[in-house]
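Every read-out reported here was derived from the displayed coordinates using simple, explicitly stated rules and does not represent laboratory data. Nothing here was measured: the structure is a model prediction, and the numbers come from that model. Reconstructed Cβ throughout: ideal geometry from the backbone, glycine too, with neighbour counts over all protein chains shown.
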Amino acid sequence: MTSRSLRILVLSLAGIACSLPSFAAGAKEACGSCHPENRVETEPSVHLAEGVTCVSCHGGDPESLRVETAHRGDFRPLTNRLQSPAMCAQCHSDLAKMRPYNLPIDQYAIYLTSQHGNAVSAGDPRAAVCSDCHGFHDVRKTTDPLNPVHSANVTATCAGCHADRGLMAKYDIDPDVVAEYRSSVHARVLLDERNSAAPDCTSCHGSHGPTPPGVGDIDKICGSCHTKTRQAFLDGPHNQAMLDAGLPECASCHSNHAIRRFEVAEIESLCADCHGEGSEQAALGAKFTNLIESTREELVEADGLITQAQRVPLNVEDHIGRLEEGRTFLTEAFPQIHSVSLDAVERVTRRSRSIGSEIQHELYTRLDRRVAHATLAVFWFYLLMTVAILWRYRQKLAAAKNEETT
């Protein structure tokens, strides 16, 4: 039997059940007898687990198996999708109901301020409503990996609309933003490395009140994760200059959705993109690169000596800890580049380089001393061996002479 035939059979049996007398009226929530597909959908729902059943949203008589009595009184078919946000808000905006779950009650109000909510208020049936993101009957916890708004799934959920070229054309919205995001460093960490701490669509745009951030707000959004980088940017000359020119702060260099991380060798060319080849700013970018590369070389050399010393073996636990400290200082140089201050970058790279140099000096001294000791030991070994051989040879000569005299 095909799945389609099985579905027809199930629905037929359900229809028969609906025509039976109400001898099963004592059974609680008989809705699934006529709506088996919806009953199956509801089983994994967090709502059902907390006692939110069919009648909680649809009303009607939950014990009746007759359509005419089940769909009576306050029964709500909820066929108009634009009604669902207000319906969800009846519970999710109620402090008494949400307090036990520690859930916010302002999400519907925030939603109404969003472009999605504005479209719903305008009567646009294509606008995103709660069920488009959370599901309708199968609403799961946000920590559930099968939830459409789970961090691993939210990109695909947003793509359901925002990658639809036909739909996005009606709103003059770029349908490539999701593809651009998937090419970004953020998506690589989130989707490929499965690191849920990486930003998804809602991290920057919000979940219930999604609105594109404007100029002057982008650094605040990026700064919620990149705290030190934002502070360095605000201390530098770019912040006010970009605001005056109407340029999006961080996005001007890193893009908005296709976020990319620049290599050290690209700093000079990045500065030249705006300030021109051969400019003072491009030369400053080259100085940043040289500082970081020279510091990195010092740490690599120190790391190599530590590895060499471990083979001897020498105790290098202290050196390993100091090497990590040097790497930390080097890491702090990258946010400081956003301040466009050579002094700020030089300050942290100098500390990192000094640690690398100290490690090298100490290990070279210890390794040279070890080599010297080993060389001396070899010298004395061969000297003693030579003395022993000569003594043994002399003994043999004396023995031979005694034999001749006897």
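Around C57, with a cut-off of 15 angstrom between Cβ atoms, what is the net charge of the other residues, counting Lys and Arg +1 and Asp and Glu -1?
Net charge around C57: -3.
With unit charges on the beta carbons (Lys and Arg positive, Asp and Glu negative) and the dipole taken about the Cα centre of the chain, which residue among N147, C158, C88 sits farthest to the positive side?
Value: N147.
Please state the relative contact order of the chain as a whole percent: Cα pairs under 8 Å, 6+ residues apart?
Reported relative contact order: 9 percent.
On average, how much area does the Cα convex hull of the chain cover when viewed from any direction, in nm²?
So the mean shadow area of the Cα hull is 42.2 nm².
What Kirkwood hydrodynamic radius do you get for the stretch 280-405 when you take the inverse of the mean 1/r over all pairs of distinct Cα atoms, in Å?
Roughly 18.4 Å, rounded to one decimal.
For Cα pairs less than 8 Å apart in space and 6+ apart in sequence, what is the mean separation divided by the residue count of the stretch 121-222, i.e. the relative contact order in percent?
Worked out over the stretch 121-222, it gives 16 percent.
Find, to one decimal place in angstroms, the Kirkwood hydrodynamic radius of the stretch 171-276, where the mean of 1/r is taken over every pair of different Cα atoms and then inverted.
15.1 Å
Report the one residue of A388, C34, S45 whose Cα lies farthest in the direction of the positive end of the charge dipole of the chain (charges on C-beta: Lys and Arg +1, Asp and Glu -1; origin at the Cα centre).
Ranked along the dipole, the leading option is A388.
Using DSSP loop states and a limit of at most 15 other Cβ atoms within 10 Å to flag trypsin sites (Lys or Arg not before Pro), what is the longest stretch of the chain containing no flagged site?
In short, 262-406.
Would you list, by chain and number, the aspartates and glutamates whose Cα falls below 19 Å from the Cα of K170, excluding same-chain residues fewer than 8 positions away?
Candidates past the 8-residue exclusion: D124, D132.
Check the straight Cα-Cα distances from K228 and name the aspartates and glutamates below 14 Å, setting aside those fewer than 8 residues away within the same chain.
List returned: D219, E332.
Please report the net charge: other residues with Cβ closer than 14 Å to the Cβ of S339, K and R +1, D and E -1.
So the surrounding residues net to -2.
Only Lys, Arg, Asp and Glu count, each charged at its Cβ (+1, +1, -1, -1), so figure out the dipole size of the chain about its Cα centre, rounded to 20 debye.
1360 debye
Can you find, among M168, N239, G206, the residue farthest towards the positive end of the dipole of the chain? Put +1 on the C-beta of Lys and Arg, -1 on that of Asp and Glu.
G206
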